[in-house]
Structure formats: structure tokens, C-alpha cells
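The values are calculated or read from the model by the stated rules, or taken from the named source; none is laboratory data. Note that this is a predicted model, so its numbers are computed, not measured. Please note: Cβ atoms are built from the backbone with ideal geometry, for glycine as well, and neighbour counts cover all protein chains shown. We work out accessible area using only protein heavy atoms, side chains counted, and drop any ligands, DNA or RNA first. Shrake-Rupley method; radii C 1.70, N 1.55, O 1.52, S 1.80 Å.
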Amino acid sequence: DVAYLRSVLPSTTDDAFFDYLATLDASELIVTAVPEGSVVFPRVPFLQVKGPLLVVQLLETTLLCLVNYASLVATNAARFRLLAGPDVKLMEMGLRRAQGPDGALSASKYSYIGGFDCTSNILAGKLYGIPVRGTIAHSFIMSFRCLEEVQPRELPPRAGGDPVDLAGLAVSWLQRVCDLLQTPPGKANQGELAAFVSYAVTFPCDFQGLLDTYCVRRSGLPNFCAVALALHQLGYQAIGVRLDSGDLAQQSKEIRAVFQACGAHFKVPWFGTIPIAVSNDISEQSLEEFRREGSEIDMIGIGTNLVTCPLQPSLGCVYKLVEVNGSPCLKLTEDEEKMTIPGMKTIYRLYDAAGHPFMDLMALEEEPSPSAGQELGIHILGQLGETTKVIPTTVEPLHRTYFRDGQVCEPLPSLPEVRTHAQVSLNLLSPAHRRLHEPQPYPV
């Protein structure tokens with residue numbers, strides 16, 4: 001590294017500088033931060049680094065790279081989770097639209113922290129232990145033309161016994177389903193039926209259908225129901241369907257009605273509750289429309305609008321010098337938002353009697369810690385000429401020391417622990433601060 005720097009720095013650079021670079025180490029660094037997965041508000045320093053000036057300067061770009069995209073994706077995922085509500089399953093499926101393989105892995109990891117349940121990125125599952133889920137593809141269904149292409153086509157009953165021709169059984173069920181739905185069996189695409197049968201023979205305990213390759217009402221839905229009922233006759237249970245086009249909310253309600261009708265008519269009680277998943281460029285606006293219109297959607301797959309964060313493509317975290325050799329530093333600028341707050345600070349979160357955080361308090365390190373029930377005179381950022389009195393019910397110091405004397409000194413949480421902490425942190429916020437449209441500003 002030193003040899004490379006020699007080759008690109010001016011030839012007049014003093015040799016002693018390169019000798020000095022070779023002696024740098026991290027043993028004098030002290031790093032404090034809020035725990036990973038914490039909710040952090042604007043202007044609150046969520047990470048502080050103390051150490052030799054050159055060392056902490058060299059860390060700026062690395063640290064910002066590590067936290068900016070991670071925080072952005074986790075925040076974006078948290079917004080989707082808040083809109084979807086606690087009961088709908090969310091699947092991250094942005095691998096094809098992410099900014100390269102590293103961006104894709106980061107998106108899978110940090111969307112899981114933000115509240116997603118699973119990912120279609122199998123490498124992320126292998127590396128991080130995130131649950132992996134997926135559905136069959138349009139290209140799989142389109143690769144079949146007729147039932148004669150299905151090999152093998154026999155499936156033994158789940159309870160044991162002689163194998164049964166699942167394709168023939170599905171054809172007989174298709175006629176009964178079409179009679180119930182009053183749709184012509186000849187409109188159901190035979191290649192699609194063959195694809196469903198082939199998938200069901202291979203994965204009888206995990207059969208699912210993608211319904212919109214041709215026509216949902218006349219083909220995908222009756223074909224799926226026929227194969228699912230054929231499987232049921234052999235003791236198996238289908239696990240779900242996916243929609244990838246059209247009016248997803250309205251279609252989900254129509255599909256649920258068909259499932260319930262089949263369940264009642266053919267006396268298969270679980271059929272009415274088959275999970276319905278949707279995808280197709282899902283955005284925050286999509287989730288708001290699902291909620292407004294009502295739907296029967298159980299799982300939502302989100303890709304582009306999750307991993308590329310189009311509402312805010314980058315997060316503006318900054319890394320600023322606030323103190324040198326005990327002297328506070330202040331950056332003055334005509335842009336008030338870019339002015340820094342001088343001095344090394346300790347950060348406290350103040351809670352009200354309902355258990356909600358209502359304010360974050362920054363104080364200089366040497367100031368005494370506030371305590372619960374104590375009246376505090378505070379200045380709100382943006383209103384620095386005014387003094388406000390507050391009395392917190394609970395006071396929580398936000399920062400922990402994670403690195404000192406060259407060693408990690410705080411146990412680092414697992415990914416599931418970070419995810420749980422993130423969801424708890426979000427749920428602690430009052431509804432006024434948590435809402436996504438016109439939230440009440442959170443004072444610092």
C-alpha cells in the first residue's frame with residue numbers, strides 16, 4: 001500500500017511521511033455508536049470516532065460507505081413494513097435490479113433488518129441465514145406445450161400406495177372446476193397445465209402456481225385449482241399462488257372467492273385459505289392502494305422500489321470534525337443545515353410516561369447525565385434562542401463503546417437480533433412520529 005501511494009503522490013513528498021504511514025494502527029481508536037438497528041433522527045451523531053487525527057480522517061470514506069447504503073435500505077424496508085402492516089409477508093426480490101452483486105447482497109441483508117421476512121437471493125440466505133423463498137417463473141410455464149411432455153407424471157399417494165397418473169387426475173379435476181366456474185375447459189392452456197403438473201410431481205408438498213402467464217380467469221386459476229385438488233386427493237396440500245400483472249388487489253379478491261367456492265363445493269376446507277402472493281413493480285403507493293381498496297393478499301414480493309430506493313437514492317450521512325486536542329471545532333456556512341455542532345457529545349433518548357421516545361438530547365461529554373423525573377432546560381435545534389422545559393419519565397444513553405485499545409469490546413449481535421431490535425425500536429415510536437405522511441417532527 002505504501003509503495004502504491006509513493007507511485008501516485010507527488011515526487012516531492014517527504015520520505016518520512018511514508019515511513020510514518022507504515023506505523024499507523026488502530027489501537028488508539030475509540031468508537032462509540034448506537035446499537036445496530038436503532039432508530040436515529042437527523043442531526044444526531046449515531047457513530048463517534050476518537051483517535052489520532054490522520055487515522056480518523058482516513059476512516060471517513062470507509063465508514064460512510066458502510067453505513068449510508070445499509071441505513072438507506074433498512075429505512076426503505078421499514079417504510080414498506082409499516083405500510084404493509086404486521087400480518088402480510090414481505091419478500092425481497094430485487095437481485096436483478098440491484099447495483100451489482102455487492103449491492104444485491106447488502107440489499108438482501110438490510111431489507112431483512114428493516115422488516116422483510118425472506119429473500120429470493122439464495123447467496124444471501126447462505127451467507128447470512130436469511131430465510132429464502134421463491135416462486136416458479138413465467139419461462140418455466142412457457143417451456144411446456146402439452147401434457148405429453150410431462151415426465152415423470154406419476155405420483156404415489158402421501159399415505160403410501162401405488163403411484164397415480166397425476167396428469168390424468170388433473171384433467172378430470174379441470175372439467176369439474178370449469179363446470180363450477182362456468183368457464184370452458186378448452187380455454188385453459190394445456191402447456192400451463194403441463195407445467196403445473198410437472199412442478200407438482202416434483203414438489204408435491206410445495207406446489208404453487210403462477211397464474212398470469214396466459215389468462216388468470218380462464219386458464220391460470222382453473223389449471224391451478226385442478227392440480228391442487230388432484231394433489232389433495234392424493235393427500236397433499238398446495239402452498240400458494242402468485243400474481244405478477246394487472247389489478248392485483250381486485251384479482252386477489254376474485255381468486256379468494258374462487259378458492260372459497262372450490263373449498264365449499266368440493267368439501268376441502270383449507271382450500272379457501274391458500275396464500276396469495278403478488279409482485280410487479282410494487283411501490284409504497286401500491287401498498288397504500290391495497291390498503292385503501294382492500295385485498296386478499298398474503299405475501300408481497302418487492303424488488304426495484306426496495307433495492308434502488310427511488311424515493312431517495314442516497315442517504316446524506318456526513319462525518320465531521322467536532323474537536324481537536326480538546327478544542328471544539330465549528331463549521332460555519334451559509335447553509336444552516338450544514339453547520340456542525342461543536343464538541344464531543346453524549347446522546348440521550350428521553351421517554352414519556354407512555355413509553356414513547358419524545359426527544360433526543362445532545363449534551364457535552366463533561367455535562368452531568370440527566371435523570372428520570374428531572375426538569376431539564378433544553379434548546380431545540382432550529383429554535384436555539386428559546387429554552388424549553390421537559391421532564392422525562394425515562395432516560396436512555398444511546399451510545400455504546402464498541403472499539404477500544406485495538407479490540408472489539410461490545411458483543412456484536414446476530415442478524416436476527418439486529419432485526420428484532422430494529423422492529424422494537426420502530427414500534428416504540430409514537431404513532432405521530434411513525435406515520436409516513438406528514439409525521440410530527442421529532443425534536444432534537
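Note on the range 76-308: with charges restricted to the Cβ of Lys and Arg (+1) and Asp and Glu (-1), its dipole about the Cα centre is near 180 debye.
Computed from label points 7 Å out along Cα-Cβ, the spacing between residue 65 and residue 388 is 3.9 nm. The share of accessible area on the range 210-324 that comes from carbon and sulfur is 49 percent, using a 1.4 angstrom probe. Computed from Cα positions, the angle between helix 60-84 and the longest principal axis of the chain comes to roughly 40 degrees. Shape of the range 307-356 from its Cα gyration tensor (a ≥ b ≥ c, root eigenvalues): rounded if a/c is under 1.5, otherwise prolate when a/b > b/c, or oblate? In terms of gyration-tensor shape, oblate. A dipole drawn for the chain from +1 and -1 charges on Cβ atoms has a positive end, and of 65, 248, 415 the residue lying farthest that way is 248. Relative to the longest principal axis of the Cα atoms of the chain, the long axis of helix 284-293 makes an angle of roughly 50 degrees. Considering the dipole of the range 124-282 built from charges on the beta carbon (Lys and Arg +1, Asp and Glu -1) around the Cα centre, which of 271, 173, 188 is farthest to its positive end? Farthest along the dipole direction, towards plus: 271. Label-to-label distance for residue 288 and residue 21 is 5.1 nm, based on points extended 7 Å past Cα in the beta-carbon direction. Largest GNM mean-square fluctuation among 409, 178, 317, using the chain with Cα springs under 10 Å: 409. A compact globular protein would have a Cα radius of gyration near 2.2 N^0.38 Å; the ratio found for the chain is 1.29.
Need one word for the range 318-419: rounded, prolate or oblate. Basis is the Cα gyration tensor (sqrt eigenvalues a ≥ b ≥ c); a/c below 1.5 gives rounded, then a/b vs b/c decides. Because a/c hits 1.5 or more and a/b fails to exceed b/c, the range 318-419 counts as oblate. Less than 5 angstrom separates the built amide H of residue 243 from those of 277, 278, 279, all sequence-distant by 5 or more or on a different chain. Residue 41 sits among other residues whose Cβ lies under 10 Å from its own Cβ, and their net charge, with Lys and Arg +1 and Asp and Glu -1, is +1.
Applying the Karplus relation 6.51 cos²θ - 1.76 cosθ + 1.60 with θ = phi - 60° to the range 162-174 yields 3J(HN,Hα) values of 5, x, 10, 6, 5, 4, x, 5, 5, 4, 5, 5, 4 Hz, where x marks Gly and Pro. Using only the Cα atoms of the range 173-311, build the gyration tensor, take square roots of its eigenvalues as a ≥ b ≥ c, and label the shape rounded, prolate or oblate: rounded if a/c is under 1.5, else prolate if a/b is larger than b/c, else oblate. Taking the square roots of the gyration eigenvalues as a ≥ b ≥ c, the range 173-311 is prolate. Nearest 10 degrees is fine. How inclined is helix 248-265 to the longest principal axis of the chain, computing both from alpha carbons? It works out to around 40 degrees. Number of Lys-Lys pairs in the chain with C-alpha atoms under 14 Å apart and a separation of 8 or more places or on different chains: 6.
Helical runs (DSSP H, four residues minimum) scored at -39500 (n - 2.57) apiece and divided by the length of the chain put the mean residue ellipticity at 222 nm at -11000 deg cm²/dmol. Taking a point 7 Å out from the Cα of residue 356 in the direction of its Cβ, the residues of the range 56-84 whose backbone N falls within less than 20 Å of it are 78-84. For the range 270-280, 3J(HN,Hα) computed residue by residue from phi via the Karplus equation (6.51, -1.76, 1.60; θ = phi - 60°) reads 6, 4, x, 10, 4, x, 10, 10, 10, 8, 3 Hz, glycine and proline entered as x. In the chain, a dipole from Cβ-located charges (positive for Lys and Arg, negative for Asp and Glu) runs towards its positive end, and of 123, 364, 91 it is 91 whose Cα lies farthest in that direction.
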